[in-house]
Amino acid sequence: MPRNGKLVRIACVLAAAAVLAAVAVAAAGAAGAKRSGGALVGAGSSLVAPAVQGVWGPAYQSKTGVGIQYSAVGSGAGIAQITARTVDFGASDAPMTPDQARHCHGCIEIPWALAATGPIENIPGVNGLQLHLTGATLAKIYLGQITNWSDPALKRLNPKLKLPNHSITTVHRSDGSGDTYAFTDYLSKVSKTWASEIGKSTSVNWPAGGVGGKGNSGVAQVVNSTPYSIGYVSTAYVIQNHLHMVRLQNAAGNYTYPSVKSIESAAQLVKRVPANTVISITDPPASHKYRNAWPISTFTYAIVPTKSAKATELRDFIGWALGAKQQKAIQHYVFAPLPALVAKVAHNRLKKIHS
């Protein structure tokens, strides 16, 4: 890794994620966990698992005696489980589709954390944050239009790197994923071809083929074990798996990487929160205001039934997690605090939950 002060800082920020990510992987197998009278049971997004399992859950149990049992099974599975009411709350980095919302029978989405996903690479001889990509070239890689690391387009972006003459293996999520939603939402904004042929969703047909991995941990493992590969994960999974992040050019022309500040910069896009709380902050515009923005930043949501036998417990836990102190506590895992406007709307939505 280059001897760069920023890289040292981000390594320090993320190092603790190694421990909590191991917890997340272990807990992922508990998707069918039985409810406990003294606990809230949740399932879904692996992106938010470091916050729920590594920080909020232990702290809340210590404070209140109420345990938080959370399974990092992916956003799609989380939506399915809260729809079936086999858990008390779901979690997703992607908003529910109208069809999902209808079948969930009175579920509401509450934004409760702000994070990032982004590309990672395993190119022998290339270290973390050395590879530079634009949104257009990233889209072409996943479209199967750029298939070799020695492609002239990649060499132009990386004149100082010795990129190998070797085919690229693309890696993607095999499960329904909010990270995939954020990733394809971004690609749809930077590539007309992607927007018209593939679109954005928690699951898509990958035109370049490639290899699938279940969960953030699965993608991380595939990339880590596959030389000449590229994938995407949420930031907290990078250090545990000794992965190399990519610098991605934002619309303002700067090559950035995921950090609390670059996520906060992207979140300046939020001027109002729509009634359904669906907020997209990918690919902020070419403006000085967003010069440092990470272009694949994303909100993540708790999904809760408006009518629940555990209404009080859900309101108390989620409201507690929305507090400034708890938002600050998860910055160690590269979560940025919710903008005040979003936090206010989230607190108001909690009032809809009743027994």
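For Lys192, go through the lysines and keep the ones whose alpha-carbon is under 16 Å away, minus same-chain ones fewer than eight residues off.
Qualifying lysines at Cα under 16 Å: Lys140, Lys200.
Among the lysines, which have Cα under 26 Å from the Cα of Lys307 when same-chain residues fewer than 8 positions away are ignored?
The reachable lysines, counting only those whose Cα sits under 26 Å from Lys307, are Lys34, Lys63, Lys344, Lys351, Lys352.
On a C-alpha basis, how far is the centre of the range 295-342 from the centre of the range 41-80 in Å? Whole number, if you could?
Value for the Cα centre distance between the two parts: 11 Å.
In µm²/s, what is D for the range 104-149 at 37 °C and 0.692 mPa s, where D = kT/(6 pi eta Rh) by Stokes-Einstein and Rh is the Kirkwood radius from Cα pairs?
233
Counting only residues 5 or more places away or on other chains, whose amide H sits under 5 Å from the amide H of Tyr70 once H atoms are built in the peptide plane?
Correct list: Gly42.
Looking at the chain as a GNM with Cα springs under 10 Å, which of Ala309, Ala80, Ala182 has the largest mean-square fluctuation?
The residue with the greatest mean-square fluctuation here is Ala309.
Report, by chain and number, residues whose modeled amide H sits under 5 Å from the one on Gly144, excluding near sequence neighbours (fewer than 5 apart, same chain).
Ala208
Which residue fluctuates the most in the chain, going by a Gaussian network model with Cα springs under 10 Å, if the choices are Ala251, Ala51, Ala115?
Largest GNM mean-square fluctuation: Ala251.
Report the charge-dipole magnitude of the chain in Debye, nearest 20, computed about the Cα centre from +1 at each Lys and Arg Cβ and -1 at each Asp and Glu Cβ.
780
Need one word for the chain: rounded, prolate or oblate. Basis is the Cα gyration tensor (sqrt eigenvalues a ≥ b ≥ c); a/c below 1.5 gives rounded, then a/b vs b/c decides.
The shape class here is prolate.
Per-residue HN-Hα couplings for the range 56-73, Karplus 6.51 cos²θ - 1.76 cosθ + 1.60 at θ = phi - 60°, whole Hz, x for Gly and Pro?
5, x, x, 5, 5, 5, 4, 7, 10, x, 8, x, 10, 9, 10, 10, 8, 9
So which trypsin sites (Lys or Arg not before Pro) in the range 142-174 are both in a DSSP loop and have at most 16 other Cβ atoms within 10 Å of their Cβ?
Answer in residue order: Lys160, Lys162.
Using a 10 Å cut-off around each Cβ, can you sort Glu313, Glu109 from fewest to most neighbouring Cβ atoms?
Glu313, Glu109
Can you give the FRET efficiency to the nearest 0.05 for Arg102 and Trp320, using r as the Cβ-Cβ distance and R₀ = 25 Å?
The pair Arg102/Trp320 has a calculated efficiency of 0.25.
Taking amide H positions as placed 1.01 Å from N in the peptide plane, with prolines and chain starts having none, which residues 5 or more places from His244, or on another chain, fall under 5 Å of its amide H?
Glu121
With the chain treated as a Gaussian network of Cα nodes joined by springs under 10 Å, which of Gly78, Gly178, Gly319 yields the largest mean-square fluctuation?
Result: Gly319 has the largest fluctuation of those listed.
Let me know the shape class of the range 31-179, please: from the alpha-carbon gyration tensor, a ≥ b ≥ c as square roots of the eigenvalues, rounded when a/c is under 1.5, otherwise prolate if a/b is greater than b/c, or oblate.
Prolate shape, in that a/c is at least 1.5 and a/b is the bigger ratio.
Defining a contact as two alpha carbons under 8 Å apart and six or more residues distant in sequence, what relative contact order in percent does the chain show?
Relative contact order, the chain: 24 percent.
Every number in this text was worked out from the coordinates using simple rules, so none of it is lab data. All values derive from a computational prediction rather than experimental measurement. Cβ: placed from backbone, ideal geometry, glycine included. Neighbour counts: every protein chain shown.
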